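Working notes, structure below.
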Amino acid sequence: MLDAMLIPMAGEEPGPLGPLLPHYWSEFIAGVILLLLIFLVVRAKVVPAFEKMYAERTAAIQGGMEKAEKAQAEAQAALEEYQAQLAEARQEAARIREEAKNEGARIKAELREQADAEAARVMAQAKAAIEAERAQTIAQLRGEVGGLATTLAGRIVGESLDDDERARRTVDRFIADLEAQPVPQRSSAATGGQGQA
């Protein structure tokens, strides 16, 4: 009964079965053959092309994911290397800073030693100059005091002390007496007041 509805018999007039149903067996067989041909062409040409495109897409996506993972691993390695280099640079900077600090302290100590040595040398030269000047002044004073003492002693004694040997002895004795006398000391309040003024 279904066959009767779908395909009319030869010589019969097609009924109101619809525009999509074939009217004749030849159309039905041609449709099946064409469907098989289309199926075979799609299976032989289109499906492999789709499978190839799908495989390429899958490979591209997989490759992209692998590249992304590789890039992420490289970025992580680069970050770790950067952090290691940064830590090393910080340690190097701290070491250089410590060396510079130590070098500065050493140079400062050397300069202080040089300054102390220079000050000691200047003090020694000043003391030597003062001693030389003192000796010269004492010699000059001895000569002047000796001359005055000789003249004065000659007037007191009433005899001429022009004899050099006698004059020298008299001058020496006079200077020895002067040196033997105690030097009056100033009070500490007087010296303190002078030092502050």
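Throughout, read-outs are computed from the coordinates displayed, never taken from laboratory work. Treat the numbers as computed from the prediction; the structure is a model and nothing was measured. Don't worry about glycine lacking a Cβ; one is built from the backbone with ideal geometry, like all the others, and counts go over all protein chains shown.
Just a few scattered comments:
- 30 Å Cα-Cα reach of LYS127 towards lysines, excluding residues that sit fewer than 8 places from it in its own chain: LYS108
- Difference of contour (0.36 nm per residue) and Cα-Cα distance, GLN181 to MET65: 30.5 nm
- A simple charge model with +1 on the Cβ of Lys and Arg, -1 on the Cβ of Asp and Glu and nothing else charged puts the dipole of region 18-74 at about 100 debye relative to its Cα centre.
- Taking only the C-alpha atoms of region 75-114, the Rg (one decimal) and the largest Cα-Cα distance, Dmax (whole number), read 17.0, 56 Å.
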